[in-house]
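Peer 1: A single structure is presented below for examination.
The values are calculated or read from the model by the stated rules, or taken from the named source; none is laboratory data. This one's a predicted model, so the numbers in the text were calculated from it and none came from an experiment. Here the Cβ positions follow ideal geometry from the backbone for every residue, glycine too, while neighbour counts run over all protein chains shown.
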Amino acid sequence: MIRLFITLPVIVALIIFAACNQAPVELSWLQWKWTSSPGVLALLVAALFYATGSASVWIVVLRQMRRARRAEQELRTLRASLPADDAAVARPAGLASAPTSSPMVQAYAAAQPVAVHPPPAAAGTAMTEAPPTPERPSES
């Protein structure tokens, strides 16, 4: 929608310019000379730039679509290589996404960590003691 608010005034301004400048004018560039209306020339230049911009965006979009298709194909291949029944693989609780042969899973199964944090206070009870503050060294 915002593109419309930007594009529409530019197009209207070009059309008004073309309508107001219909008198033929001799134009030259290097050795070439021709007679044309400045309005028509402005419309032709705008159309040329529009086509160039559209082609460059189209090329980028096609490249992104190709990358998306490759990623989808790779996803299909990876999903097809998964075991049919993923629940049949025994895994320790809490590490459902890691394979059982992983060293981290084996270490986790061997030594379960002990909870370091105290349990949270019950709802509705307030803490009466302030946590201890570390003493700061005095500045001398």
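Peer 1: Against the condition surrounded by 10 or more Cβ atoms within 10 Å (Cβ to Cβ), at pLDDT below 90 and farther than 30 Å from residue 19 by Cα, how does residue 89 come out, does it pass?
Peer 2: Here the answer is yes, as residue 89 does meet what is asked.
Peer 1: Only residues in the stretch 9-35 that are of a type outside the set (A, V, I, L, M, F, W, C) count as the first member; pair them with residues that are assigned to a helix (DSSP H, G or I), Cβ under 7 angstrom, at least 6 apart or cross-chain, and list the lot.
Peer 2: Close Cβ pairs (under 7 Å, with a partner that is assigned to a helix (DSSP H, G or I)) amount to 21/38; 21/39; 22/39.
Peer 1: Return the pair list, or none, for Cβ contacts closer than 7 Å from residues in the stretch 37-61 that are among the small types (Gly, Ala, Ser) and part of a helix (DSSP H, G or I) to residues that are surrounded by 11 or more Cβ atoms within 10 Å (Cβ to Cβ) and modelled with pLDDT under 95, at least 6 apart or on different chains.
Peer 2: Qualifying pairs under 7 Å: 39/17; 39/18; 39/21; 42/14; 42/17; 42/18; 46/14.
Peer 1: Would you be able to tell me the number of residues in the stretch 46-73 that are closer than 27 Å to residue 11 by Cα and either touching a Leu at 6+ places or on another chain (Cβ under 9 Å) or of a type in the set (Asp, Glu) (or both)?
Peer 2: Summing the residues that are closer than 27 Å to residue 11 by Cα and either touching a Leu at 6+ places or on another chain (Cβ under 9 Å) or of a type in the set (Asp, Glu) (or both) in the stretch 46-73 gives 1.
Peer 1: Looking at the stretch 1-36, which of its residues are of a type in the set (Val, Ile, Thr), part of a strand (DSSP E or B) and closer than 26 Å to residue 53 by Cβ?
Peer 2: none
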